[in-house]
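Since the structure comes first, as structure tokens, the remarks are kept for the end.
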Amino acid sequence: MRNSLFLSAILLALSISFTANAQESTGPFTLEPLPYAYNALEPYFDAQTMELHHDKHLAAYVTNLNAAVKGTTADTMSLEELMANISKYEIKVRNNGGGVYNHNLYFSQFAPNRGGAPIGTITPAINAAFGNYENMRKEMNAAAMGRFGSGWAWLILTPEKKLAICSTPNQDNPLMDVADVKGTPILAIDVWEHAYYLKYQNRRAEYLDAFWKLVNWQEVGKRYDAAMRK
Ligand code: MN
């Protein structure tokens, strides 16, 4: 009798914990899987940073966003729609919604053994806007270095269909109706310390050097072409 009560108590505890987990993972927004292995970007981005960044940081933004939009008009919106209307919602929707959008873009733009010069139709657009790729990289690095505290540096396509560089604080992005500079994000540098501190500590400039060795220009070019067609 005592044993069966004990067993019932364990089963009850387990079912409560399963229910809690199930509730955490439900909601309109989902955790996009990392499109490569944790160690695929070694030695530039280390496996432990990638695992924590994706499985802990991004996963938390997804969970918190789902909780924050519950019962609001945002729970049927795409992420892009939500960004364009972000001022209508509370700050936790802005912080976590930006967190999800920004990291989905960030993780999708890398591949092992990439980097080098841009390819495809984005190349003449970079030359037109910045003179050449080297200047573009310098300008984006300057935006990333100049962002005090946590935030992002962006290569965007402006509403006038020109490439430009800007930066945002926290998890804001240029799609948000509250952004100072608006446009479609093409390339994103996360300058939160969680993106680089394990390997580079305070050396943000070294993280930026590593960043450019991983950019998958084929993927970034697709994003540019899609933004041009909009
Ligand atoms: Mn991050």
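The values are calculated or read from the model by the stated rules, or taken from the named source; none is laboratory data. Just so we're clear, the structure is a prediction, and the values are computed from it rather than from any experiment. So basically every Cβ, Gly included, is an ideal-geometry build from the backbone, and we count neighbours across all protein chains shown. Please note that ligands, DNA and RNA were not included when accessible areas were found on the heavy atoms of the full protein model with its side chains. Shrake-Rupley method; radii C 1.70, N 1.55, O 1.52, S 1.80 Å.
Of the conditions (1) open to solvent by less than 70 Å² (accessible area, probe 1.4 Å); (2) free of Cβ contacts under 8 Å to residues at least 40 places away in the same chain; (3) touching a Pro at 6+ places or on another chain (Cβ under 8 Å), Ala129 fails just one. Which one is it?
The failed condition is (3).
Whether any residue in region 152-174 is open to solvent by less than 40 Å² (accessible area, probe 1.4 Å), outside any helix (DSSP H, G or I) and of a type in the set (D, E, K, R) is what I want to check.
Scanning region 152-174 turns up at least one residue that is open to solvent by less than 40 Å² (accessible area, probe 1.4 Å), outside any helix (DSSP H, G or I) and of a type in the set (D, E, K, R).
Of the residues Lys182, Lys199, which single one is farther than 18 Å from Thr49 by Cβ and surrounded by 14 or more Cβ atoms within 10 Å (Cβ to Cβ)?
Lys182
Give Asn127, Asn95, Asn85 a once-over and let me know the one that is within 16 Å of the ligand (Cβ to nearest atom) and either at pLDDT 95 or above or not small (Gly, Ala, Ser) (or both).
Result of the check over Asn127, Asn95, Asn85: Asn95.
What's the total number of residues in region 108-150 that are on the phi > 0 side of the Ramachandran plot and of a type in the set (Gly, Ala, Ser)?
5
Out of region 192-215, which residues are more than 16 Å from the ligand (Cβ to nearest atom), within 16 Å of Ala117 (Cβ to Cβ) and more than 15 Å from the chain's Cα centre (by Cα)?
Asp209, Trp212, Lys213
Given Met136, Met140, which one is outside any loop (DSSP other than H, G, I, E, B), under 26 Å from Asn96 (Cα atoms), away from the ligand (no atom under 16 Å from the Cβ) and modelled with pLDDT of 95 or more?
Selected residue: Met140, the only one of Met136, Met140 that is outside any loop (DSSP other than H, G, I, E, B), under 26 Å from Asn96 (Cα atoms), away from the ligand (no atom under 16 Å from the Cβ) and modelled with pLDDT of 95 or more.
Look through region 30-49, keep the residues that are within 16 Å of the ligand (Cβ to nearest atom) and closer than 30 Å to Tyr89 by Cα, and return whichever of them is least open to solvent (accessible area, probe 1.4 Å).
That would be Leu34.
Which of the residues spanning region 73-88 are within 20 Å of Thr26 (Cα to Cα), assigned to a helix (DSSP H, G or I) and more than 17 Å from the chain's Cα centre (by Cα)?
Thr73, Ala74, Asp75, Thr76
Checking the structure you have, find out if any residue of region 52-67 is closer than 19 Å to Gly221 by Cα, within 16 Å of the ligand (Cβ to nearest atom) and part of a helix (DSSP H, G or I).
No, that holds for no residue.
Among the residues of region 187-196, which ones are part of a helix (DSSP H, G or I) and open to solvent by 10 Å² or more (accessible area, probe 1.4 Å)?
Glu193, His194
For region 104-116, enumerate the residues that are farther than 17 Å from Ala164 by Cβ and at pLDDT 95 or above.
Asn104, Tyr106, Phe107, Ser108, Gln109, Phe110, Ala111
Residues Ser78, Ser150: which one is away from the ligand (no atom under 13 Å from the Cβ) and not hydrophobic (A, V, I, L, M, F, W, C)?
Going through Ser78, Ser150 in turn, just one is away from the ligand (no atom under 13 Å from the Cβ) and not hydrophobic (A, V, I, L, M, F, W, C): Ser78.
Can you tell me which of Gly115, Gly98 is of a type in the set (Gly, Ala, Ser), open to solvent by 10 Å² or more (accessible area, probe 1.4 Å) and closer than 26 Å to Tyr38 by Cβ?
Gly115
On the given criteria, is Tyr61 surrounded by fewer than 19 Cβ atoms within 10 Å (Cβ to Cβ), out of contact with any Pro (no Cβ under 9 Å at 6 or more places or on another chain) and not assigned by TED's automatic domain parsing to the domain that holds Leu208?
no
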